1. Taking the 0 to 90 degree range and rounding to the nearest ten, how far is the long axis of helix 121-130 tilted relative to the main principal axis of the chain, both from C-alpha atoms?
2. Pairing the Cα long axis of helix 79-99 with the longest principal axis of the chain, what angle in degrees results, from 0 to 90 and rounded to the nearest 10?
3. Straight-line reach from K75: which lysines have Cα under 30 Å away, leaving out those fewer than 8 places along the same chain?
4. Roughly how large, in nm² to one decimal, is the mean projection of the convex hull of the alpha-carbon atoms in the chain?
5. When the accessible area of segment 1-99 is computed with all protein chains present and a 1.4 Å probe, what percentage of it is carbon and sulfur?
6. A145's amide H: which non-local residues (gap 5+, or another chain) put their own amide H closer than 5 Å, with H modeled 1.01 Å from N in plane and none for Pro or chain starts?
7. Between E31 and A102, what is the label-to-label distance in nm when each label sits 7 Å out along the Cα-to-Cβ direction?
8. Tell me the label-point distance for the pair L125, V153, using the 7 Å Cα-to-Cβ offset, in nm and rounded to one decimal.
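The values are calculated or read from the model by the stated rules, or taken from the named source; none is laboratory data. These figures come from a predicted structure and were not determined experimentally. With ideal geometry, Cβ positions are generated from the backbone for all residues, glycine too; neighbour counts draw on all protein chains shown. Remember, those area values only see protein heavy atoms, side chains included, never the ligands or the DNA or RNA. Shrake-Rupley method; radii C 1.70, N 1.55, O 1.52, S 1.80 Å.
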Amino acid sequence: YEPLRHYAEVHLLLEPGEPGSGIQLGSSCREDELALNWQRLILTHLSEKTHLGVLTGSPLTDVKITVAAGRAHPKHTEGGDFRQATYRAVRQGLRMAESMSACVLLEPWYEFTLVGPQEALGRALADMPKLFAEFEPPVIDGEDAVITGRAPVVSLHGYAREVTAYTRGRGRLSCLPGGYAPCHNRSEEH
């Protein structure tokens with residue numbers, strides 16, 4: 001919500017989106033309440049900027065933003081008025097969500113495949129909880145054991161060197177981006 005000071009008022013509804021959905025934009029505002037050209041301008045302003053979250057200042061993602069209502073002055077409203085009102089409405093919505101503990105900090109995760117000799121399987125499995133990894137049961141492929149799963153990027157930082165060391169160069173860790181998930185160490189968010 002942005003009060004009518006700059007001849008523009010914007011009311012937004014912020015809702016959590018599906019993981020990996022990015023920022024979804026829409027409008028439920030009636031045209032008799034706010035003209036369609038102003039609604040389109042608000043949606044343009046929402047999409048033209050990377051909005052930053054209030055927890056750590058990281059880019060906002062996986063959220064649905066809906067234009068719920070708005071007002072414009074028939075003579076005095078300009079496009080820049082709606083830009084400022086829109087940005088302030090997003091910020092106020094995020095602050096309100098934070099005050100209700102409704103904000104979730106996300107972190108990047110990797111999808112990984114760990115291949116190594118069977119004799120190193122015990123060490124690899126012992127490392128999984130320390131890496132905060134979610135993984136499938138190991139698969140034996142000849143003399144090798146294969147573990148697939150996902151883990152926070154920060155947890156896997158430097159782990160490929162460890163794999164090389166404890167497998168004496170016979171193991172390898174392959175990682176691909178696996179999207180975002182809630183931060184694994186939420187108690188350390190702030």
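1. Rounded to the nearest ten degrees, it is 30.
2. With both axes taken from Cα atoms, the answer is about 50 degrees.
3. Leaving aside lysines fewer than 8 places away in the same chain, those within reach of K75 are K49.
4. Working: hull surface 52.9 nm².
Averaged projected hull area, Cα only: 13.2 nm².
5. Details: 2790 of 5690 Å².
Looking at segment 1-99 in its full context, I get 49 percent from C and S.
6. G116, Q118
7. 3.0 nm
8. Once both label points are built, they end up 3.1 nm from each other.
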